[in-house]
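K.L.:
Please read through the structure below; I'll follow up with questions.
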């Protein structure tokens with residue numbers, strides 16, 4: 001189970017996946033406090049202007065880089081994370 005901060009996203013890996021067989025995403029989300037959510041499908045995002053899609057892509061990539069960095073730190077410095 002992951003604990004996510006306000007303002008983060010889920011499903012970005014499925015959206016950015018380079019091939020259809022990697023675009024499957026399934027997650028159960030449980031919120032512990034009142035939350036506002038916004039949902040977008042890949043088809044809806046493809047209807048946006050290129051400039052707007054670029055903003056979404058950049059934001060999703062930042063999320064993925066933060067998660068990759070955290071996973072790297074957890075693997076290489078497990079005591080630091082605990």
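The values are calculated or read from the model by the stated rules, or taken from the named source; none is laboratory data. The shown structure was predicted, so the numbers you read here are calculated from the model rather than taken from an experiment. Positions of Cβ are generated from backbone atoms using ideal geometry, with glycine treated the same way; all protein chains shown enter the neighbour counts.
K.L.:
Report, by residue number, each residue of the stretch 43-60 that is more than 20 Å from residue 71 (Cβ to Cβ) and under 13 Å from the mean Cα position of the chain (by Cα).
P.N.:
56, 57, 58
K.L.:
Turning to a different aspect of this structure: Counting residues that are modelled with pLDDT of 85 or more, which helices (runs of 4 or more DSSP H) fully inside the chain reach at least 2?
P.N.:
Counting at least 2 such residues, we get 42-46, 50-76.
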